[in-house]
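> Structure below; questions to follow.
The values are calculated or read from the model by the stated rules, or taken from the named source; none is laboratory data. Note that the coordinates shown come from a computational prediction; the quantities given were computed from them, not determined experimentally. Note: ideal-geometry Cβ built from the backbone for every residue, glycine included; neighbour counts use all protein chains shown. Accessible surface areas use protein heavy atoms only, side chains included; no ligands, DNA or RNA. Shrake-Rupley method; radii C 1.70, N 1.55, O 1.52, S 1.80 Å.
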Amino acid sequence: MRLPARVLVTAVVLVTQWPGLVADGYRTASGDDGVPTRGAGTFAAAGGGTAPVGSGATLVRYRAEVEEGIVWGAHQPWTPAAFAEGVDGILAGPQGWIMSAGSPVTDAQVGLHRASWSFQRVSGDEYDVRLRLATPDTVDGACGAAGLATEGIYSCRAGSTIMINLRRWLRGAEGYGDDLPAYRTMLVNHEVGHFLGFDHMLCPGPGEAAPVMQTQTISLAGCRPNPYPFTTYGTFVTGPWTPS
């Protein structure tokens, strides 16, 4: 089945030790942080694919892509294969969206009734959503065409395309310190959550785990950083809904 297509922008951030990069905290879009700001504007998809992961009712076929023409400088290049491997691992994570198979999500406010999902990466044109790792200028252009201001920093989801901002993928942001693996996990889960039909959520209370749909890197509002949709016990981490 096809999933709802809405346009959402987020300000999520993570920091990881994947391919050769060390987080140095959040930098402004205008700062000289060494992040490549533009590429060719075209994309190369990772080849091959995966078997379906999870047993949720709705299979989401996704494609992983990286912008071409990026001059990586001192940064280790992110190939489509490396980016795909990272996304694959996040979406197959035991506390990720695949946990919905055993803990279906129901919430009338967002039109979900016992919803659950499984995932499969593909490389052809038969996909439900594509995740694109792109330079800030390219993200700004693509998201701007959908009416969203990403300001050289943010990522966005427009219809069946998720634009992951390279600046934050490489550098991370406040809220996650230097834990880039956790940040990137939260970033992917957050953006995919928008594609699945979720709006933003607020912190449920001081000291509680932040919902993955909270804009955690704008403000934790007293919550603890949390990159996962579910707890280890299968509870969907939620808070009050807020318009995205």
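> Assess whether GLY93 counts as being without any contact (Cβ under 8 Å) to a residue 12 or more places away in the chain, open to solvent by 10 Å² or more (accessible area, probe 1.4 Å) and under 18 Å from the mean Cα position of the chain (by Cα).
no
> How many residues are touching a Gly at 6+ places or on another chain (Cβ under 7 Å) and either among the acidic types (Asp, Glu) or within 16 Å of GLY56 (Cβ to Cβ) (or both) when one looks only at the range 98-119? Give the derivation first.
Here is the first cut: in the range 98-119, the ones touching a Gly at 6+ places or on another chain (Cβ under 7 Å) are 98-103, 110-112, 116-119.
Cutting the leftovers down to either among the acidic types (Asp, Glu) or within 16 Å of GLY56 (Cβ to Cβ) (or both) gives us 98-103, 112, 116-119.
Of the residues in that region, 11 qualify.
> Can you tell me which residues in the range 96-123 are open to solvent by 20 Å² or more (accessible area, probe 1.4 Å), in contact (Cβ under 8 Å) with a residue 12 or more places away in the chain and not in a strand (DSSP E or B)?
Hits for the range 96-123 are ILE98, MET99, ALA101, GLY102, SER103, PRO104, GLN109, VAL110, GLY111, VAL122, SER123.
> Another question about this same structure. Being in contact with a Gly (Cβ under 9 Å, 6 or more places away or on another chain) and of a type outside the set (Gly, Ala, Ser): is that true of GLU174 here? If you could, list the steps in order and put the result at the bottom.
On the way: in contact with a Gly (Cβ under 9 Å, 6 or more places away or on another chain): yes; of a type outside the set (Gly, Ala, Ser): yes.
Criteria met by GLU174.
> Are any residues in the range 49-70 in contact with a strand residue (DSSP E or B) (Cβ under 6 Å, 6 or more places away or on another chain), open to solvent by less than 40 Å² (accessible area, probe 1.4 Å) and not polar (S, T, N, Q), and if so, which ones?
Listed by number, the residues that qualify are GLY56, VAL60, TYR62, ARG63, ALA64, GLU65, VAL66, GLU67.
Residue-wise test of (1) at pLDDT 95 or above; (2) open to solvent by less than 10 Å² (accessible area, probe 1.4 Å); (3) assigned to a strand (DSSP E or B).
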{"position": "ASN189", "(1), (2), (3)": "yes, yes, no"}
{"position": "GLY207", "(1), (2), (3)": "yes, no, no"}
{"position": "VAL212", "(1), (2), (3)": "yes, yes, no"}
{"position": "GLN216", "(1), (2), (3)": "no, yes, no"}
{"position": "PRO227", "(1), (2), (3)": "yes, no, no"}
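> Quickly run through the range 124-157 and pick out the residues that are over 22 Å from LEU170 (Cα atoms) and surrounded by fewer than 20 Cβ atoms within 10 Å (Cβ to Cβ).
GLY124, ASP125, GLU126, TYR127, ASP128, ALA145, ALA146, GLY147, listed by residue number.
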